Each structure stands twice: as structure tokens, then as C-alpha cells.
1. Sort 414-424, 484-494 by packing, meaning the average of other beta carbons within 10 Å per residue, with the highest value first.
2. By the gyration tensor of its Cα atoms, with a ≥ b ≥ c the square roots of the eigenvalues, what is the shape of the stretch 191-321: rounded for a/c under 1.5, prolate for a/b over b/c, or oblate?
3. According to a simple spin-label model (label point 7 Å from Cα along Cα-to-Cβ), what is the distance in nm between Leu281 and Arg149?
4. Using only the Cα atoms of the stretch 1-160, construct the convex hull and provide its projected area averaged over every direction, in square nanometres to one decimal.
5. Grab the DSSP H runs of the chain that are 4 residues or longer, score each as -39,500 (n - 2.57), total them, divide by all residues and round the 222 nm result to the nearest 500 deg cm²/dmol.
6. Over the stretch 108-172, what is the mean sequence separation of C-alpha contacts under 8 Å (at least six apart), divided by residue count, expressed as relative contact order in percent?
7. Please check which bits of the stretch 440-469 a label hung off Asp514 would reach, taking the label as a point 7 Å along Cα-to-C-beta and the cut-off as backbone N under 14 Å.
8. Would you mind pulling out the separation of the Cα centroids of the stretch 175-213 and the stretch 1-69, in Å?
Amino acid sequence: MTRPTTERVPVLIAGAGPVGLSLALALGRAGVRSINVERHPSLAIHPKARGVNPRTMELFRTWGILEEVRSVADPPEADAFIEVAASAADPGYRRMASKGTPVGDRSPVDAIICPQDLLEPVLLDAVGRTGAGDVRFLTELVSLEQDDRGVTATVRHRGTGATSTIAADHLVGCDGGRSVVRAALGIELEGIENLGRHVNVLVQANLERYLAERPARFTIIRNPDFQGGLIRAGTDRWLVIRSYDADDPRVPEAPDDAYGREVVPLALGDDDIDFEVLSVLAWTAAAQVATRYRDRRVFLAGDAAHLFVPAGGFGMNTGIADAHGLAWRLAWVARGWAGTGLLDSYEDERRPVAQANADESVVRAMLQDARNHNGEGDDSHGLELGFSYRSAAVVPDGTPPPERADPVRDYRPDARPGSRVPHLWLDGVGPPSTLDLCDDSLAILTSPGGRAWVDAAAAVGQTLEVPVSATVIGADDPGLAARWQDLSGVGPDGAIVVRPDGHVAARFPALVDDPAMALLGTLRQVLARPATTPAPDPRG
């Protein structure tokens, strides 16, 4: 009997939701092949996540899919308010602002509402265009083994029952809250396991007679027969969410369409509205973070690594940021540009972000349950754009973080090592942005007085044989140069080093005596490439 040949791929991804597809897209853009195995027969049919925050929109912009995502998103006016009402038909609703201050000039893009089931096809098409991603549906991960050379996974096609093996340099579990990968590694979740149980009913219905003049992001519904909410999920599509206490014995084990047909009129407040139940999904609200994000050659990302209460919209966005932060590491290691030690910093950087977001999601849920919305909006720019990493892939400069009255909502751009590089339009009013300078290289950003950094960057890139770019900001525009110096916190001849994920790796407030050697030492640390033998002098 002929034994099946084992496929080989640099990265195997379990799951093809927004996180798994984002990881495949980011890897594909870097020229790294991947295979996604997804147990379901197709992309999501249920809009489990909806909010896309400014940082995720920045990534979509970098990946070239911004306008495609916008084309399937909800109109902006649908995101302006939150309501509290007895039902959709209740004329005595109470309305409150849903969003606070727009992100404005602190980012080239702002948040949108885009249901997950409409976003995923955009991501899948983009993965296909890279020519490096292979997404396989109805295929589940059965088991995995790993050693110093790689990971070997057994997968099974759920339609035919046929099994096969895939060998990969690395495996990433993006397979959701009930992650098979996490279970196989024996990694536990820490936090609050049950903050309430819910049933989502996705329906097709025309509710314009009640809601055309009062578009809202979320309608909190409270009446004697129904506790929950109503959310727009596209054109004439709505999520009816029925909520139960954590210990409520009435929660159905396996709610079906019949359950949906019974519940929906209670939320709509009108027995005469025609509707069609499209899908029903039961879920439990939790706020948990995995104790570890890595076991040797296997990593966790997205819901496999953390679970949040939906309030605040942190789940999908945090997962996509996980994918982005992991992709450049895997790609640079795969291409020999970085040492394997670079992979150690993934957990060091992403796990604290997940914990902060999990904590805030609980706070948001408590405020929502108390119907005590503060009226100041629910943006989280401080968490979404202002998080800063601490790891071996960041060289600290000893400066304190900027003072913020509200660390959750208040974002103040800065270029401290670990922070996202501040956004600044390079021609003053439009593309490109400073965010566009670091997509596929280590970027050195300086001002007209720091041209010596440009020569140093070229020399160090040649020495380490890695892509290092250099940009003089404001070379012909003193005003732009001054704005950049104010944002970056460096002098006229200083520079910052930005990683491919857009986070500042190091900052030099002024020109040093030997910029080439200073950069060489910095990049060796960031890329986990210690000098085992004397390196060629980058100055020639």
C-alpha cells in the first residue's frame, strides 16, 4: 500500500476566520506560503463580530483592501447612537451618543461597522491574490506533533473522512474559543468564564417603518418577556440577541430556527412584521486570556488566545493585531533575516494587550447592563492606538509614557520605543503617511539634519542582509520637518527605527558619533541576531 505523501509548508494555520485569514494575507504579502484548515464548510454565515477599529482599518489600508472593506460596511450614520427601548417598535426609546471624538488627524482612517460574514470574503479574496495562501474548508485538525525541526499535523476532511499529514515549520492556532490547538498544547485560560449566556438570532426583516429615522449602532431592549438587544447586520439584516444570567436554567442547549421564530417578535414588539430566521447561535460571554501564547513551534492567536465580552468590540480587532504582530516575525525568521529568538517576543507583546482589553470589556459590559452609558461615547483610542510594547524586540530609551487623563479613551501620539509610529501625512494632506514607510522593511525615519542616518541604514542593511529603508521627512518642507520632530520627540538630526509592524523599535534623540554602529547594535537586538563572530564594519 502506498503511503500518502506529507505536504510541506512554512506555516500551517488552524482556522479561517478573520484572524486566520489576516495571518495568511500578511504572510502571503511577505512571500511566505501557508495553508489554512477550516472545519466549517464555508466562511462565516453569522456576523459574530462587527466593529472594525482604527488600527485594524490601518492594517486593511496597508494590505490594499480598505475600499473593498468599506464597500460592504454599514453606513456611518448607523454607528452614531445607542438606544434603550422596550422593543424595536417602541416610540418611547431613549437615545445616547455611541461614538466619542473621531480619531481625526491621529490616523489616516477611522473606525467602521462591518459584519464579520461580509468582511471574511474580502479577506479570502485578498489571500488568493497573494498566490501564497491555500484555504481548505471542511478540513479539521485532528492531532499535532512537534520537534526541533517542525510540526507535523494530521488533518481530516469532514466530508470524505480522508486523513492526511501536513508538515510545517510553524503552526498557528486561530481556531476560536474552543481551540483544538490550545487543548492539544494543554494551555489553560485565566479569567472570568461565564459573564452571562446569550442566543443570537440573525433575521432578514424590513424594519424601516420603525428604525429608518433612528439609525443606531445597538438598541438595548428591556421588556417583561425579553432582555437583550437588536443590532443592524447589513441591509435588512438584524441580530436579535436574547440575554440570560449566567445561572439561568432557561437557556436552550441547542437553539434552532423554531426558537428564533418564538423570540424575535418579543424583541420587535410587533407580531405582524414578516421576518426570516437565517441562523441561530448560542454563546457565553467570557473574559479570559491564555496563560501562554506559544509552545515551541506552535502559537495561539485571536479567540484561541483570548476571549472578551463583546462590549467595546475588542475581540476581532485584537485577534487581527495578533496576526499582524506574528506574521512579520514568522516571515523574517523564514527568510533568514531574524533569529528564532524574535518569536519569543510575540507573547511578551501581545498578551498584555489582550489582558488590558479583556479587563475593559468587562467594565463596558457592566456599564451596559446597568444602562448607565456615560453619554461621552464608547471609543477606545487609548487602547486601540496607544498600546506600547515591552520586549526584547524593543530598545527602551528611558522616557516615560505620555500623560493621559483616560488611558482607555485618550490617545496621544508619541514615538517612545514600543509605540505605534505616529501618523503624519508626508505631503501635508493625504497619502502617503508615515505608516506607509515600514510595511516590508525596518525603517529609519529622520529629519533633514539627520542625513547621516540614511547612509548608515544602507550600510547596516547590507551588512545584515536585511531590508532597511531610510526616509528624510520634510526634506523640502521645514514645517513638515518641525511637525515630525514634535511628534517623534527627536531633534533635527535624530532618528527613530520602526519595525515592519509599525511599532518603534528604538529612538535616537540626536545624531550619535557612529550612527552605523549604533544601528547595527540596535538591529541585532531587535532581530535576535547576536554577533557570534565579528561583523563586517558597516562603514566599510
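1. Details: 414-424: 22.5, 484-494: 19.5.
Answer by packing, highest mean first, reads 414-424, 484-494.
2. Values: a/c = 2.38, a/b = 1.79, b/c = 1.33.
Prolate.
3. Modelled inter-label distance: 4.1 nm.
4. Values: hull surface 56.1 nm².
That works out to 14.0 nm².
5. On the way: 13 runs with 151 residues, N = 540.
That calculation yields -8500 deg cm²/dmol at 222 nm.
6. Working: 61 pairs, mean separation 13.0, N = 65.
Dividing the mean separation by the residue count of the stretch 108-172 yields 20 percent.
7. 460
8. 20 Å
The values are calculated or read from the model by the stated rules, or taken from the named source; none is laboratory data. Please read these numbers as outputs of a predicted model, since none were measured by experiment. Note: ideal-geometry Cβ built from the backbone for every residue, glycine included; neighbour counts use all protein chains shown. Surface areas here come from the heavy atoms of the whole protein model, side chains and all, with no ligands, DNA or RNA. Shrake-Rupley method; radii C 1.70, N 1.55, O 1.52, S 1.80 Å.
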